[in-house]
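**Q** Please read through the structure below; I'll follow up with questions.
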Amino acid sequence: MSTPITTKISRLSLLTLLLLTGSIFAQPDLPANSWQEDLRFLQKTVHEDYSFLFKKTSPGAFDEEVEKLYAAIPSLESHEIIIGMARLVASFKYGHTSLRLGGEKNNFYQLPLNLYHFNDGVYIEGTHKDYQDALGAKVLEIEGIPIAEVLSAVEPVIPAENEQYAKGYGLGYLNFPEVLHAQGVTKTLKKDIAFTLEKDGEVFKKVFMASRGLSVPDHYGFLPQEGDWLSSRQQEATPPYLQELDKHYYFKYLPEDKAVYVRYSQVVPDPSEAIDVFYQRVFDFIEENEVDRLVLDVRLNGGGNNFNNKTVVTGIIRTEKINQVGKFFVITGRRTFSAAQNLINELDNYTNAIFVGEPSSENINFYGDNRTVTLPNSQLQAHLSWAWWQDKPQWQNGKWTAPHLAVDMSFAEYSSNQDPILDKALHFDSEDFILDPMDYLTGLFQAGKMEQLQSETIRMVADPAYRFFDFEGQMNRAGQRLLGQNKMQPAFFIFQFCTQIFPESAMSYNNLAQAFLQAGDKAKAGELSKQALQLDPEGLIGKNAQKRLDTMGKD
């Protein structure tokens, strides 16, 4: 693997299209000094007008990468410079803040396929008919590089707020040969990209040919079977979440479950029916019929205008029939983003929603509403966020909204039209489920039931249903609060317990070190600081541990 710098197709056959588009990769053809001027313009604009974006990276780290790219520009090809700038913008890690790689400005090539990351791997979910034999195959390697390493190599280019964003919106970056080259997956820039695939127990290689002007017609992350494009999903039936995708929202009654299912895929009025009119129909139906539960599915919802959320939230609050624990379920997923994140924040704040599925792809509080900054020479467009959206207090912020009931999907389930996420919502029994794990564990702690606290924590940490709940972070924060109140004994108990159930947690060792230092035991604090540093040598926790060691060494 080479090293990175930092680290509507028509009915023409694909071959004809390739001949028409030619074989030359063409991006803006500029001299090095013009690219360098664009880079300085971007740097200056960020510092002067968008310095508030420095939350997940620092001005110093950003400028360091700018200087590396500036120095390298004379030796780089145009696509490498563009992707270098995309990495810079992506380093803010806000999904609304990006330098987009598609479109006429960049003139990038694309591969004729659609990838999807299921719980058992990355698969070719859809493709052009010329590559039918690869349809539904599991991707093992790209250009001989294991898919996990390819994903890791491309990750810096994706403006991902969290891992879910990378899954929901980032896999398309693998379709650009320019990205694969700039990030070291291919040694040279080329259109023919070799995939190692597995299908029906057979491992084989398949070369996909990229073309310019191609737009893979995926819809909400999935490729509909239409014209020259094929889907790996069996076409005899369609699960509810993929029905009527031409509408922004629709609902259906599931009589066998006495449930109303609503798929809400854009926070934007549908041309056929206003949002308030639609939801009034939904709530009227619930009141007038035998309905035991409502399932609101926003797993495909990438946002819109969050001022449209009021109708949904207030309607659910008023509908007491379903605004009860165990009767109202919200399906979230890797494409739940932007105004849809605002919606689930408000539903979490004001209703009795139980969240089912995967975490959202947006931070709980986030920067959105970007402005376009056009670079003067290349005319490339950086989209920089300016509006801070905060629906929850800062101490409740997090990298995503985690589901109460964690459920995802395998390729076999998808291709055979199963929907385990909806099934979980429809058949959920709340009798043995703990909706708020931290509240439950805190109650055991306050009651002095330490043995039960330990056994229940271990059980729940191991339970896949709770796998997205941040036990490690929540417990450490509880210990830090106790430490701040000088309640040493309970703080020691929590931190020591965390090191037992999370033995690879630099955070837990670092917090326990701080507790020992506060208690006056420098020797033990030093020992534990070294363990934290060993577990996180390059991260913020490791740096904090090193700083403590340096300070203790001076005393």
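**Q** Given an 8 Å cut-off on Cα distances and at least 6 residues of separation, report the relative contact order of the stretch 109-214 as a percent. The partial results should precede the final answer.
**A** On the way: 182 pairs, mean separation 36.4, N = 106.
Rounded, it is 34 percent for the stretch 109-214.
**Q** Lysines within cross-link reach of K258: Cα-Cα under 16 Å, excluding same-chain residues under 8 positions apart?
**A** Qualifying lysines at Cα under 16 Å: K321, K327, K424.
**Q** I would also like to ask the following. Using just the helices of the chain, give the 222 nm mean residue ellipticity in deg cm²/dmol: DSSP H runs with n ≥ 4 each add -39,500 (n - 2.57), and the total is spread over all residues, rounded to 500.
**A** Value at 222 nm, helices only, nearest 500: -11500 deg cm²/dmol.
**Q** What list do you get for W388, W35 if you sort them by fewest beta carbons within 10 Å?
**A** Details: W388 12, W35 25.
With the sparsest Cβ surroundings first, the list reads W388, W35.
**Q** Which peptide among 415-424, 346-355, 449-458, 162-171 comes first, and what is the full order, when sorted by highest mean count of other Cβ atoms within 10 Å?
**A** The densest-packed peptide leads the list: 162-171, 346-355, 415-424, 449-458.
**Q** Let me ask you something else. Quick one: length gained pulling N352 to Q500 fully straight, 0.36 nm per residue minus the C-alpha distance?
**A** On the way: separation 148, 0.36 × 148 = 53.28 nm, distance 3.41 nm.
Length difference between fully extended and current span is 49.9 nm.
**Q** Net charge near D200: determine it from the other residues with C-beta under 12 Å of the C-beta of D200, scoring Lys and Arg +1 and Asp and Glu -1. Walk me through the numbers on the way to the answer.
**A** Numbers: positive: K138, K199; negative: D133, E198, E202.
Net charge around D200: -1.
**Q** Taking N as the number of residues in the chain, what is its Cα Rg relative to 2.2 N^0.38 Å?
**A** Dividing the Cα Rg of the chain by 2.2 N^0.38 Å gives 1.05.
**Q** Let me ask something else about it. Any idea what the dipole of the chain comes to, in debye rounded to 20, about its Cα centre with Lys/Arg Cβ at +1 and Asp/Glu Cβ at -1? List each step's numbers first, then the result.
**A** Numbers: 52 positive and 72 negative charges, 262 e Å.
It comes to approximately 1260 debye.
**Q** Among the listed pairs K93/K167; K129/K199; K93/K138; K138/K191, which are separated by more than 19 Å between their Cα atoms?
**A** Numbers: K93/K167 14 Å; K129/K199 17 Å; K93/K138 29 Å; K138/K191 21 Å.
Over 19 Å apart, Cα to Cα: K93/K138; K138/K191.
**Q** Fewest first, what order do I142, I83, I364 take by the number of other Cβ atoms within 10 Å? Mind showing how you got there, number by number?
**A** Values: I142 25, I83 32, I364 22.
With the fewest neighbours first, I142, I83, I364 line up as I364, I142, I83.
**Q** Mind checking which of V373, N309, P271 is farthest towards the positive end of the chain's charge dipole, using Cβ charges of +1 (Lys, Arg) and -1 (Asp, Glu) about the Cα centre?
**A** Positive-end residue among those listed: V373.
**Q** Only sites in a loop by DSSP and with at most 15 other Cβ atoms within 10 Å count here; which GluC sites (Glu not before Pro) in the stretch 64-137 make the cut? Could you put the intermediate results ahead of the total?
**A** Working: sites: E64, E65, E67, E77, E80, E104, E125; in loops: E77, E104.
Loop-located and lightly packed - E77, E104.
**Q** Select from the stretch 118-159 those chymotrypsin sites (Phe, Trp or Tyr not before Pro) which occupy a DSSP coil region and have at most 10 other Cβ atoms within 10 Å, ordered by residue number. Show your work: numbers first, answer last.
**A** On the way: sites: F118, Y123, Y131; in loops: none.
When the chymotrypsin sites (Phe, Trp or Tyr not before Pro) of the stretch 118-159 are filtered for loop state and at most 10 Cβ neighbours within 10 Å, nothing remains.
**Q** Order of T45, T188 from fewest to most other C-beta atoms within 10 Å? Numbers along the way, then the final one.
**A** Details: T45 14, T188 7.
Listing T45, T188 from fewest to most nearby Cβ atoms yields T188, T45.
Values quoted throughout were computed directly from the atomic coordinates according to the rules given, and no laboratory measurement underlies them. Fair warning: this is a prediction, and the values are worked out from it, not measured in the lab. Counting neighbours? That spans all protein chains shown, and the Cβs are built from the backbone with ideal geometry, glycine included.
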